[in-house]
Amino acid sequence: MAERFSGILEEMTIDQVRVLKPDVAVIPIGSTEPHGPALPYGTDSYRAEAIAYGATRAANGQGGSVVCLPTVRVSLNNNFRAFPFACRMQVSTFMSMLKDLVNMCEADGIEKVVFVNAHGGNPDVIRAAMRDLAAEDGAFVCMIQASSCASREARQVCEKPSDHAGEEETSQMLYLRPDLVHEAKIGDNPRMRPALEVLTEFQVDFVRPWHLYMPASAGGDASRASREKGRIVIDSSIEGTGRFLAELSRADRNRKFPYA
């Protein structure tokens, strides 16, 4: 019986990597920025890593050949600069880094690259990097959000949605790293409304100064967060993402891919 490896690059030896011969590379992307009084700065990175690592192991257990690179823990937080140590880099630097990682993977025989993103400030720039890479005849490059492969039922388990450090992220951290959650400080943090209703009505795009939008650096009612809700979302995300990676690995990377 062929030896199976986790696919977690940091855990593997060079001999194991050569035996695995991965054709899919996973790049987890988190962030290091404030998540209010109850959650740690590394919330996004912990979530991205748990799902990407778990899914990589699951995919390889299903016959895939997948390698997961180390988690990117510093990303885009220019709009968090009013808060201390919101770790950030310039958009051009972030794009260059992503493209360099993809090019490195291609040089090592990777045919498909998957970004697993867990920070809301990143998708537009990840898409821009992907569009730049589309000018090259290289790997198939795609992006999923950390929990986007979870089942519909799992995604609906939280009752009060929030876009930052609310019930969803608090529940997931209670499951992943309860030692870092300050449970006595879990509560309902305000989110400010735009001064002009038309900004909401017409879905106007603008970069939100986070200290004005969420003065506590967290927003929404997290009082109903629970470890069980976090388990449901994380486990379902790992299962769904693992199936996606396994199928992607088995797919023939011909000139028509991803179309039939």
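Condition (residue is closer than 27 Å to Met95 by Cα and either without any contact (Cβ under 8 Å) to a residue 24 or more places away in the chain or surrounded by 13 or more Cβ atoms within 10 Å (Cβ to Cβ) (or both)) applied to region 224-240: is it met by at least one residue? Yes; the residues of region 224-240 include at least one that is closer than 27 Å to Met95 by Cα and either without any contact (Cβ under 8 Å) to a residue 24 or more places away in the chain or surrounded by 13 or more Cβ atoms within 10 Å (Cβ to Cβ) (or both). With respect to being within 19 Å of Glu168 (Cβ to Cβ) and surrounded by 24 or more Cβ atoms within 10 Å (Cβ to Cβ), Ala59 falls outside the description.
Can you name every residue in region 47-81 that is of a type in the set (Gly, Ala, Ser), out of contact with any Leu (no Cβ under 8 Å at 6 or more places or on another chain) and part of a loop (DSSP other than H, G, I, E, B)?
Selection gives Gly63 alone.
Among the criteria (1) surrounded by 20 or more Cβ atoms within 10 Å (Cβ to Cβ); (2) in a loop (DSSP other than H, G, I, E, B); (3) not small (Gly, Ala, Ser), the one Pro84 does not fulfil is (1). Of all residues in region 78-87, at least one satisfies being out of contact with any Asp or Glu (no Cβ under 8 Å at 6 or more places or on another chain) and either within 21 Å of Glu10 (Cβ to Cβ) or of a type in the set (S, T, N, Q) (or both). Entry remark, region 127-143: residues being surrounded by 14 or more Cβ atoms within 10 Å (Cβ to Cβ) and either closer than 16 Å to Ser45 by Cβ or among the small types (Gly, Ala, Ser) (or both) number 4 in total.
Just so you know, in region 127-166 the residues that are in a helix (DSSP H, G or I) and of a type in the set (Gly, Ala, Ser) include one that is farthest from Thr32 (Cα to Cα), and it is Ala154. Scanning region 102-126 for residues that are more than 16 Å from the chain's Cα centre (by Cα), in a helix (DSSP H, G or I) and surrounded by fewer than 20 Cβ atoms within 10 Å (Cβ to Cβ) returns Asn103, Met104, Glu106, Ala107.
All of the numbers you see were taken from the coordinates with simple rules; none came from a lab. These numbers were taken from a predicted model, which means no experiment stands behind them. Here Cβ is always computed from backbone atoms with ideal geometry, including for glycine, and neighbour counts include all displayed protein chains.
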